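What follows is a single structure, written as structure tokens, with notes after it.
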Amino acid sequence: MENNTENITDILDIREIRRRTWGTTFRKGFTSWLRLVMVGFVFAFIGVSNASQASFVNLADAVLGLENEFLPNNTGIVKEFLTHFTLTQKLADLDSEAVSSLVDGITRSQTWLVKLLGANMAYVERNPWEVIAWLVLAAVLAFMIRNVIQTALITGQYRYAMENRFAKEVKFSRVLAPFHRENIRNIVRVKFIYNFVLMLWNLTVIGGIYKGYQYKMVPLIVAENPNISWRDAKRLSKRMTDGCKFRIFLTELSYIYLYLLEAIPAAGLLVTVPVKTQLEAEIYFCLRERITDEDRRFFIEEGFNRPAYVDEPSAAPEYRMKGHILETPEEMILETGYTVKDYIFMFFVFCFIGWVWEVSLHLVQHQEFVNRGTMYGPWLPIYGNGGVLMIFLLSRFKENKPKMISLMILLCGILEYLSSVWLDFIYNKSYWDYKEMFLNLNGRICLAGLIAFAIGGCFGIYVAGPRLRGFMHSLSTRKQVILCAVLVILFIIDGICCRIFGFNTGSGVGQSLALLIRALPV
């Protein structure tokens, strides 16, 4: 497709683009402008966007004093631990400076976790390896969020600006349209390749600038057609920007005052953010008009072929990109037959069964009657939560026993491990320790325990759940409500007592069995 200077000028008329951008941003009314501002602010708050809105959030943190909350020294403890660790000392290349840099690199983007851990230094000192594991896990999750969730959110931001060109008011939820299960996978794949290719080109500096403009339309192409392949998106962007790259640069240069306003947080948020976002969309639609042959099939939204709102006010068009965030696949939808009252009753029954199990186990092993719970009543919430979660989440797999048991072991392992960490962090006390057991993880979970929980889960799904439901349904609705209300009230009273008098320490609530036997009359 040949292009000449005249038709390029006609397509990318800087004055016309400025007029349309300004009109779409400000002439549509206060509500429309405010929505654009809110999109930018929310994206800055969760760390997706850059520049002015990010500095605005940082300034707000500084004014409120939140940046100094829970200033921790826990990273220092982690550095000290790693520096003196035997394996570290054997590695000549890992001196104290290298260890310090490694810890700083991992924790730099995990300030929320560092602040949280800093609230309990005793936990950090007791569990340095676990703290390191949490930081590494948080770094991995942050990487996934940055490359998956943020990718979809940035695509949603483009999508919002594109739809904003054609309707007076666009629902804020449209920024979440890329999260639809039919869109998210391909969007992430294409954007990952796009970012990786640009990163390689940026190593050459000049090549990075050139390719940055050549592939500039890829994110917006994906925002219109989330199922397009990287190869087609790349080729389409090259055609759209062919001969127009310098003109795009001049168009952006004409908005240089925006970058000056960006230095002023409030002005940047209220003016720069909405204008720059809408400018990208306007350039895209101008270049979109260049494609008139078979490649136009990639522009799947018929609603984007209409005149802009500022030219011809009309109702919002129907779009092919679905508007809901996520859909539950039909095969995952299951009518379990359990009501809320059934789950409440099952929770307390499982809490009591767990309490009886723990007390009996300790009685047999140590000949001592001990309240093994964190509360004063005969219930262990971890068993109740685990039992209800297994029935609620895994009943759908009851026909596939190997899959159900595998998921049950995984679910129980996560729940028990996190419960142990929570109790350790909050109360500085270990309520169970499996360090002497075969195949244990940090003494918090072990294979034998998980197998026992899996057996209990099978009992709950196949036997206890249906029978407890049958018992509840044998009662009148009024009696069901009274039973659940009494149990909940007793549980709340127990929680209040724990708050006032402190949680149960797990130490004995009775005498040892040997003492009881000796005390019996002969």
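None of the figures in this text is laboratory data; all of them are computed from the coordinates on show. Small disclaimer: the values here were computed from a predicted structure and weren't measured. Neighbour counts run over all protein chains shown; Cβ positions are idealised from the backbone, glycine included.
In what sequence, highest mean first, do 465-476, 224-235 appear when ranked by Cβ atoms within 10 angstrom?
224-235, 465-476
At Trp357 and Glu302, where each label point lies 7 Å from the Cα along Cα→Cβ, what is the point-to-point distance in nanometres?
5.9 nm
Charges at C-beta only: +1 for Lys and Arg, -1 for Asp and Glu. How large is the resulting dipole of the range 341-519 about its Cα centre, in Debye rounded to 20?
So the dipole magnitude of the range 341-519 works out to roughly 540 debye.
Work out the charge dipole of the range 341-519 with +1 on the Cβ of Lys and Arg and -1 on the Cβ of Asp and Glu about the Cα centre, then indicate which of Leu450, Leu483, Cys351 is farthest towards its positive end.
About the Cα centre, the residue reaching furthest to the positive side is Leu483.
Between Leu439 and Lys238, how high is the FRET efficiency from 1/(1 + (r/R0)^6) when r is the Cβ-Cβ distance and R₀ = 35 Å? Nearest 0.05.
The formula returns an efficiency of 0.05 here.
Report the net charge of residues surrounding Gly457, where surrounding means a beta-carbon distance below 14 angstrom and charges are Lys +1, Arg +1, Asp -1, Glu -1.
So the surrounding residues net to +3.
Using a 10 Å cut-off around each Cβ, can you sort Tyr434, Tyr257, Tyr417 from fewest to most neighbouring Cβ atoms? Intermediate values should be presented prior to the final figure.
On the way: Tyr434 19, Tyr257 11, Tyr417 15.
The order, fewest Cβ neighbours first, is Tyr257, Tyr417, Tyr434.
Loop-only check: which trypsin sites (Lys or Arg not before Pro) in the range 385-465 are DSSP coil with at most 16 other Cβ within 10 angstrom?
Within the range 385-465, the qualifying trypsin sites (Lys or Arg not before Pro) (loop, at most 16 other Cβ atoms within 10 Å) are Lys398, Lys429, Lys435.
Would you mind ranking Tyr215, Tyr259 by Cβ crowding within 10 Å, fewest neighbours first? Please report the intermediate quantities before stating the final value.
Details: Tyr215 19, Tyr259 15.
With the sparsest Cβ surroundings first, the list reads Tyr259, Tyr215.
Please arrange Asp293, Asp13, Asp342 by how many other C-beta atoms lie within 10 Å of their C-beta, fewest to most.
Taking fewest neighbouring Cβ atoms as first place, the list is Asp293, Asp13, Asp342.
Given axes a ≥ b ≥ c from the Cα gyration tensor, I'd like to know whether the range 341-519 is rounded (a/c under 1.5), prolate (a/b larger than b/c) or oblate.
Taking the square roots of the gyration eigenvalues as a ≥ b ≥ c, the range 341-519 is oblate.
Subtracting the Cα-Cα distance from 0.36 nm times the residue separation, let me have the gained length for Lys168 to Phe143 in nm, one decimal.
Additional length available on full extension: 5.4 nm.
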